[in-house]
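A short worksheet on the structure shown next.
The values are calculated or read from the model by the stated rules, or taken from the named source; none is laboratory data. None of these values were measured; they are calculated from a predicted model. Cβ coordinates were reconstructed from backbone atoms using ideal geometry, including for glycine residues, and neighbour counts include every protein chain displayed.
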Amino acid sequence: MSEAVIQFENLTHWYGKHCAVDQVSLAVPRGSVFALLGRNGSGKSTMIRALLGLQKPTRGRSRVFGEDSMDLAPQTRGRIGYLAEGHPLFGWMKVGEAERFERSFYDSWNERMFAAVVEHFRIGRKQRGKDLSRGQRAGLALALTLASEPEVLVLDDPAMGLDPVARQDFLESIVLTTRDSGRTVFFSSHILADVERVADHVAILDQGVLRVCCPMEVFRQKVRRVVATFKEGVPAGKLPDIPGLLYAVRCADELSLVAVERSGQKEAIWALGPAAVTEEPISLDEAVIAYLGEHGVRTSLLEKIGGGQ
Amino acid sequence: MRAIIWKQARELLRWAVLGMVVLGMFVGVALTEWYDDTLSRPPVMTRLPLHTEGILLAFSLGMIGIGLWLGKLTGYRARGTEWALLIHRPVSRTRIFAGMSVAMLGLYVAAMGIPLAGVIAVVHWIKPRGPFAWGTALAAVMAVLVGIPLLFGGMLIMQRRAKWYGSMWLPAAFMLAVSVYAAKRPEFWHGVLWVFGGTVVLVVAAWGVFVSGGDEEKQPVVVKAAQGITLSVGLLYGVLIGGLMLVLFAQYVTDYPFMKDGPIAFTGTPTDYRLTADGQLVIEKHEVGKPGRTWTDLQGQALLLEDSSRSKRTVTMLEGSGDDRIAQLEDSDTDGDHSATTQLITSPASQPTAGKLLDNDAFVWLAQGSDRKGGYQEQRAYVRWFFTEGRVEVWWVYEAALGRVVGYRWPEWTRVGSIGPEGFAEDGAEPKSRFRGRMLSNPNVMGKDLWLCLSSGVYQLDAEQRQMRPVYEARPGQEIVQVGNRAALPHHLVIQTDKTLELVGREEKFGNVVLPLLEDQADYRYIGIAPIDGGRKLAVHYTRSSYYSDQLRDGCVLIYDAATGQLVQRQDIPEQRRGVPMVAGFAVFEPSFGIGTLIWAVAWKGCEFDLKSMLWQFEVLGAAAVVFCLVNVVVAWRWALGGRRMAWWGVLGLVMGLAGVLLLWCMVSRPVKVRCASCGRKRVVRRERCEHCAAEFGRPAENGTEVFA
């Protein structure tokens, strides 16, 4: 594995009586596009704020380029591009002013990239930040972040609130500008289609607890759907423990299980007495939702409706 | 940093301009008084333009409005998401804070300074009327300066993560206290020092809050100390006021005894002394609830005296003989009120016959150091107007900066010329000399309309001859400190120099008398001189108390022969013991304040030291201090603050009482606790190990779906 640019070590954060992040440890390899997934309130933004030294964690620490996040030197901070949730801008600044303001802090400034991204989002130089549409605000924020050519790009839910077209534009910009650049991107999101398109590593937070942290391919391989078909209907009652089970849905004669590959899993399924067991590939969407949704056995809506009749 | 300054300035500019325009309008309205030609006397005679109430009020309101608003905006725009947006760049947070502060300060000074420069330009160059003294601008400059703590105070209030809503505003008490206290200093540079000191505390606190994003745990000790100071002032005020209200309420419902004479009650009653017309010091008694007063000599022997403050006293002997007699004294006031009292008069045969008491009016009082009162904010530090009778065509004014008396033609305000020691010089002519010495700003002289009292000499204006007639000139090496000439000595002028006390005859037939000053005269604030014994003697009373009362309370009375200046008699007023101070009532909330007050009252205010009466107060206050100390220690222990911090908070509880306890709650984040899986007791989540059993936190429970690679 290549060198880790970002590291979290037992990061824990409590908001009052609520534990938002519980002893999370992970490493983001250089050059990766790392997606941090989780439901609202699962601790993604907290981790990002702690990573940038904006918030002191209750316990544990995080590092960027080996420096403790709480003591980041200004030069190191200059190597990290940060796009905060909601794409905040100084709304009163015109686009040109915002560019001049930002570039004054950096030794190098990629004017061409700034112009390209701004143009891509059809933003006029004389427009003020507060007069831009959401998509344009996101575009301007991204342009300002990318133009400083950061080695690490940290994006906190960058596509939130954008319509599909703006989201597409936004993701395209990220893909185009990070491709072949060796830049590390660490971003949080809950729009899974976007993640699938750009990310090569994925981490999933479930109520502050890290459940998944691996390359995307590994994740795809490990999480799959297993369908068990029964001749005389799915056995009623509680299912026995099936290793790696995320959730199972009973539907007529089929028991559809989404599970992580585990030893002894097949044996446990065959022990239920199915006529056949098949494995099916699963989309990232489904896999992530399986992690973020309610675990255990569910009854399909179809069956519920049927039962009602 | 320039970019940060630019950004901050752009954000605040419109508000600064708005503040400046509003202030300019207020100043413009205030100036109209200055140019009102319909008045019979020029308004400048009561106030120079930069000292008018209108101008000072405008700048004071401007200072509060612009200062607080710019500070609040700066703080408000640098928190939350905008704070993150602002600080995530390759510049240190301190430089960002400095840039914001420079912009805020610059705009504030501009918003306040431009109207000030404008008003100076108008009254000095564009449309001058009468004298102008640059020193008068200092009051307005101070009004600008005292707004600086408000800027940083506003920033601090907006950025600090207040734990409870009311505590958000606590730093306001500190910044206002600094501003008010600085504005009240009689010396300009003292005020500047106060502003500087207060601002440093607020800047450190605001800086620490900014760079830490309001997170208390990340702040360095110096920041916590600065924040603690700013919060403590508000808490102390709050607790003292709250305590007073509580005690007032207690008094209302339970007839609580300690508050009858204010928050600090003294159990003793001071003894009043009076001076008789023949120079005898006597004790005056007045029983509460009974009319009339009685007098005894210092040995306690009753005297029959006439109070000159009463128009008439009738003494009727009722009964008795020999040494014990009963007499009825009936006083009738000038306003027609009557009072009668019956008293036992001991040894009437031995009572002096010259029984008339001197009241306050019998003295010419010299208030030492009164010229320092008000200081640079007083107009009399810069100019002295002369008021002549009849129709006035020329107004004369002594301008300290020029050292000459300048004449202004009224109402044109053209200069006629000026008067110096050598005489009159036409306007435009080169003045040959100037008066030396500083102006005595508050001489106690009658008819002072025409007097000029300087430390080098006393002069009288002769407006017709256009000259200053010298009345008294200080001897070489001497400096006049105070001058007085009240009705008690109508033919003399009393001059106090730094070495002597002199009675200077206003006419030659009244001789001069030179008396030595008491060696320790600097210890006394007031010197009263009264002619006694038909003018054959002079009584000089040195006192530290206020001279507005007929009664004498402290100091000494020296009797001099008026002809020779020889000391005839010295009578010292015995040191007054004020009884035992009672502070325990409301001071239980601030025990150290109470203990300090007790010590101060005994050591410096002449209160009686009665261990029996004071011990219980020390016990109550000491117990209260220990309770507050323990509360803080227990809270700090429960919050697992560590040994050193626990000790610190214990000391603060001991010293600051209830305010110290509240300070702990205001400043320190209450830690979250969870039950330890190892020992079952509650442990603080921010610690790596349990404070009870040293166990680490267990890993989050796995559910079998983990995928790590």
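Of all the residues in the stretch B:508-560, those that are among the polar types (S, T, N, Q) and over 24 Å from B:Lys605 (Cβ atoms) number 1. Taken over the stretch B:203-227, residues that are of a type in the set (D, E, K, R) and more than 14 Å from every other protein chain (Cβ to nearest Cβ) amount to 1. Somewhere in the stretch A:186-203, is a residue among the aromatic types (Phe, Trp, Tyr), crowded, with 19+ Cβ neighbours inside 10 Å and either within 14 Å of chain B (Cβ to nearest Cβ) or assigned to a strand (DSSP E or B) (or both)? There is at least one residue in the stretch A:186-203 that is among the aromatic types (Phe, Trp, Tyr), crowded, with 19+ Cβ neighbours inside 10 Å and either within 14 Å of chain B (Cβ to nearest Cβ) or assigned to a strand (DSSP E or B) (or both). For B:Leu86, state whether it is of a type outside the set (Phe, Trp, Tyr), surrounded by 21 or more Cβ atoms within 10 Å (Cβ to Cβ), within 14 Å of chain A (Cβ to nearest Cβ) and within 27 Å of B:Arg2 (Cβ to Cβ). So B:Leu86 fits the description; yes.
Taken over the stretch A:100-148, residues that are within 21 Å of A:Val185 (Cα to Cα), surrounded by fewer than 16 Cβ atoms within 10 Å (Cβ to Cβ) and of a type in the set (S, T, N, Q) amount to 1. On the basis of being in contact with a Cys (Cβ under 9 Å, 6 or more places away or on another chain) and in a strand (DSSP E or B), does B:Val494 make the cut? Against the criterion (in contact with a Cys (Cβ under 9 Å, 6 or more places away or on another chain) and in a strand (DSSP E or B)), B:Val494 does not qualify. Consider the stretch B:410-435 and keep the residues that are more than 18 Å from B:Ala463 (Cβ to Cβ) and basic (Lys, Arg). The one that is modelled with the lowest pLDDT is B:Lys432.
Here's the yes/no breakdown for (1) away from chain B (no Cβ under 11 Å); (2) more than 13 Å from A:Ile282 (Cα to Cα); (3) of a type outside the set (A, V, I, L, M):
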site: A:Pro235; (1), (2), (3): yes, yes, yes
site: A:Ala248; (1), (2), (3): yes, yes, no
site: A:Glu254; (1), (2), (3): yes, yes, yes
site: A:Arg262; (1), (2), (3): no, yes, yes
site: A:Glu267; (1), (2), (3): yes, yes, yes
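Applying the criterion of at least 1 residues that are of a type in the set (Lys, Arg) to the strands (runs of 3 or more DSSP E) found wholly in the stretch A:1-84 leaves A:59-64. Scanning the stretch B:682-701 for residues that are part of a loop (DSSP other than H, G, I, E, B) and within 12 Å of chain A (Cβ to nearest Cβ) yields B:Val685, B:Arg686, B:Arg687, B:Glu688, B:Phe697, B:Gly698, B:Arg699, B:Pro700, B:Ala701. So in the stretch B:655-675, with the set limited to residues that are within 14 Å of chain A (Cβ to nearest Cβ) and part of a loop (DSSP other than H, G, I, E, B), which one is nearest to A:Leu292 (Cα to Cα)? Among those residues, the one meeting the criterion is B:Val672. Residue check: A:Ala228 meets all listed conditions (1) crowded, with 19+ Cβ neighbours inside 10 Å; (2) out of contact with any strand residue (DSSP E or B) (no Cβ under 6 Å at 6 or more places or on another chain) but one, namely (2).
Table: residues versus (1) free of Cβ contacts under 8 Å to residues at least 24 places away in the same chain; (2) closer than 30 Å to A:Leu51 by Cα; (3) among the aliphatic types (A, V, I, L, M).
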| site | (1), (2), (3) |
| --- | --- |
| B:Arg47 | no, no, no |
| B:Ile66 | no, no, yes |
| B:Ala78 | no, yes, yes |
| B:Ala98 | no, yes, yes |
| B:Met104 | no, no, yes |
| B:Ala117 | yes, no, yes |
| B:Ala137 | no, no, yes |
| B:Met142 | no, no, yes |
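Let's see how each residue does on (1) out of contact with any helix residue (DSSP H, G or I) (no Cβ under 9 Å at 6 or more places or on another chain); (2) without any contact (Cβ under 8 Å) to a residue 12 or more places away in the chain:
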residue	(1), (2)
A:Leu210	yes, no
A:Val218	yes, yes
A:Arg224	no, no
A:Val227	yes, no
A:Pro240	no, no
A:Cys251	no, no
A:Val258	no, no
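Scanning the stretch A:59-94 for residues that are more than 8 Å from chain B (Cβ to nearest Cβ) and of a type in the set (Phe, Trp, Tyr) yields a single hit, A:Phe65. Look at B:Trp69 and say whether it is within 14 Å of another protein chain (Cβ to nearest Cβ), among the aromatic types (Phe, Trp, Tyr) and not in a loop (DSSP other than H, G, I, E, B). It is false that B:Trp69 is within 14 Å of another protein chain (Cβ to nearest Cβ), among the aromatic types (Phe, Trp, Tyr) and not in a loop (DSSP other than H, G, I, E, B). Applying the condition of being within 11 Å of chain B (Cβ to nearest Cβ) and under 19 Å from A:Ile174 (Cβ atoms) to the stretch A:33-50 and asking which residue is modelled with the highest pLDDT yields A:Ile48. Within the stretch A:47-73, the set of residues being touching a His at 6+ places or on another chain (Cβ under 9 Å) and more than 21 Å from B:Trp83 (Cα to Cα) comprises A:Arg59, A:Gly60. When we screen A:Glu97, A:Glu151 for residues that are surrounded by 17 or more Cβ atoms within 10 Å (Cβ to Cβ), within 14 Å of another protein chain (Cβ to nearest Cβ) and within 17 Å of B:Ala3 (Cα to Cα), the only hit is A:Glu97.
Being part of a helix (DSSP H, G or I) and in contact with a Ser or Thr (Cβ under 7 Å, 6 or more places away or on another chain) holds for only one residue in B:Ala139, B:Ala143, B:Ala206, B:Ala226, and it is B:Ala143. Taking the criterion of being modelled with pLDDT of 80 or more, outside the structural domain of B:Val178 (by TED's automatic domain parsing) and of a type in the set (A, V, I, L, M, F, W, C), the only residue of the stretch B:234-276 that qualifies is B:Leu275.
For B:Val633, the stated conditions hold: it is away from chain A (no Cβ under 14 Å), hydrophobic (A, V, I, L, M, F, W, C) and closer than 27 Å to B:Arg161 by Cα. If we scan the stretch A:123-141, do we find a residue that is modelled with pLDDT under 95, touching an Asp or Glu at 6+ places or on another chain (Cβ under 6 Å) and more than 14 Å from every other protein chain (Cβ to nearest Cβ)? Checked against the condition, which is being modelled with pLDDT under 95, touching an Asp or Glu at 6+ places or on another chain (Cβ under 6 Å) and more than 14 Å from every other protein chain (Cβ to nearest Cβ), the stretch A:123-141 yields no hits at all.
Every condition in (1) in contact with an Asp or Glu (Cβ under 6 Å, 6 or more places away or on another chain); (2) more than 27 Å from A:His18 (Cα to Cα); (3) of a type outside the set (Lys, Arg) is met by A:Phe65 except one, and the failing one is (1). With respect to being touching a His at 6+ places or on another chain (Cβ under 6 Å), not in a helix (DSSP H, G or I) and not basic (Lys, Arg), B:Cys679 fits the description. Selection of strands (runs of 3 or more DSSP E) fully inside the stretch B:390-484 by the criterion of at least 1 residues being touching a helix residue (DSSP H, G or I) at 6+ places or on another chain (Cβ under 9 Å) and of a type in the set (A, V, I, L, M, F, W, C) returns B:394-399, B:457-462.
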